[in-house]
Amino acid sequence: MTAADAANALQTKFASAVSTRLAFRGEETLKVDPASLKAVLSHCKTDLGFDYLVDVSSLDHFGDDHAQNRFEMVYELYSYRDKIHLRIRSEVPDQTGKVESVVDLWPTANWHEREVYDMMGIDFSGHPDLRRILMWEGYPFFPLRKDFPLGGKETDVPDVAFTGTAPLAGGPFVTVAADATTVHREPRSRDL
């Protein structure tokens, strides 16, 4: 089976749930209705042989007038048997802000979902241990959201790191805005 075959099978079985399909350079991406997301992912695991969950990530569409919902989930799947990759995307409904956990399908989703919860604030219903993984418990913000200031937010927790804002503006790293290659645009250590 190829990635295109897997995408075709999903489009056939879940015709009303798959809203968009994108094929680019041998990669297949399907956008799925949030109500059918868990069923689609379950089918990918049990029937199509996607036995490896490579990654679970999220997108923040804050400020994008074309997006129906602010957040979107992205699941990167791989089949060791067929050596193919498949990407499943699904918006997170703004009304609930929740997505069903897939820890029961792929146990490795545990840490991925905890990271998405910690950095973006997306809640996973049915997760066995949904708590922060990078930030400390009680931290009231979600640092990877687009509305989180680059300079950080002040904290009144003196025992954790520092109490001032992070020195990103004018800090130790700089990037060069130019038409140059990526190598020349990457953040570099400031020459002090």
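Residues that are under 16 Å from Thr2 (Cβ atoms), small (Gly, Ala, Ser) and assigned to a loop (DSSP other than H, G, I, E, B) are absent from segment 62-72 altogether. Determine which member of the set Val32, Val74, Val54 is at pLDDT 95 or above, surrounded by fewer than 17 Cβ atoms within 10 Å (Cβ to Cβ), farther than 16 Å from Phe124 by Cβ and under 16 Å from the mean Cα position of the chain (by Cα). Answer to the selection: Val54.
The residues on offer are Asp118, Asp5, Asp94, and the sole one that is assigned to a loop (DSSP other than H, G, I, E, B) and either among the charged types (D, E, K, R) or not assigned by TED's automatic domain parsing to the domain that holds Glu137 (or both) is Asp94.
The values are calculated or read from the model by the stated rules, or taken from the named source; none is laboratory data. Small disclaimer: the values here were computed from a predicted structure and weren't measured. Methodologically, a virtual Cβ is constructed for each residue, glycine included, from the backbone with ideal geometry; neighbour enumeration extends over all protein chains shown.
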